[in-house]
1. Apply 1/(1 + (r/R0)^6) to the Cβ-Cβ distance of VAL45 and ARG225, taking R0 = 22 Å, and write down the FRET efficiency to the nearest 0.05.
2. Once you keep just the Cα pairs under 8 angstrom separated by 6 or more residues, what percentage relative contact order results for the chain?
3. Would you kindly work out the equivalent ellipsoid of the range 34-114 from its C-alpha gyration tensor and give its semi-axes, the square roots of five times the eigenvalues, largest first in whole Å?
4. To the nearest whole percent, what portion of all C-alpha pairs in the chain is separated by more than 26 angstrom?
5. Using only Cα atoms, locate the centre of the range 165-229 and the centre of the range 98-135, then give the distance between them in Å, rounded to an integer.
6. Report the paramagnetic label zone for ALA166: residues of the range 178-209 whose backbone N is under 17 Å from a point 7 Å from Cα along the Cα-to-Cβ axis.
7. For GLN176 paired with GLU190, estimate the spin-label separation in nm (one decimal), with each label point 7 Å from Cα along the Cα-to-Cβ line.
8. Say a paramagnetic label sat at a point 7 Å from the Cα of LEU113, along Cα to Cβ; which residues of the range 54-83 have their backbone N under 15 Å from it?
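What follows draws every value from the coordinates through simple rules; no lab data is involved. This structure is a prediction, so every number in the text was calculated from the model and none was measured. All Cβ positions, even for glycine, are placed from backbone atoms using ideal geometry, and neighbour counts span all protein chains on display.
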Amino acid sequence: MKILITNDDGIQAPGLAALAGAMAEHGQVVVVAPSSAASGVSHQVTIDQPLVVHSLGDDRYAVDGTPADCSRVGLLQICPDADWVMAGINLGSNLGVDVWMSGTVAAVREAALLGYKAIAWSQYFNPLKPLDWPTASTAADALFSDLCSQASASGAYWNVNFSDPAELVKDPLAWQAAPLDHHPLPVEYELKPDGYHYYCDYHQRHSAPGSDVDICFKGTTTVTRLTIE
């Protein structure tokens, strides 16, 4: 099995290393990730200038572009024989309407558009608490084994959000399927002399009972099946 891995936190991100380590248990890993962080760029792609790719050796490539660029050039030029495409593990969750803004999710959406099986991986966390990438890696390893056994229709892809590290470490193998929440984020702007400043208390967002936001915030890893339609 050959697995193409990308992200939106950049080639040096610890979450990328954690995911690559987990997927190495399942096959050959090829990393094609942005040269620098590109969070929140959604499905932006580069079309008006050359896309520069730096070979770092050992099946690792840094791309001067976006996560969706990485999927495109990775699948069309570097690793067209990939069996799966993965993005993550993102530093922070991609729940509910986050999926429309997330570079992580856009990378696997692009893969699904190109006809590949794909999974986005994200780690919910509280900024006041420590992260635990080894546990997230263990959870990704186990959960991928579960998802491999489930049929994936053409144009469908998975969005995984690991629970808070303090909860994840209690049972890295526990997860629950959940639908996408559709409540908007509690976004506000404060006008200052230099313009409007964005503010959002992410942890105070509303959610529907049983949705991915609701379940993940309560301490359980969520898996949501998305489609390109």
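1. 0.35
2. 19 percent
3. Rounded to whole Å, the semi-axes are 20, 14, 13.
4. Cα-Cα pairs of the chain separated by over 26 Å account for 32 percent.
5. 12 Å
6. Counting only backbone N, you get 203-204.
7. So the label points at GLN176 and GLU190 sit 3.5 nm apart.
8. 66-76
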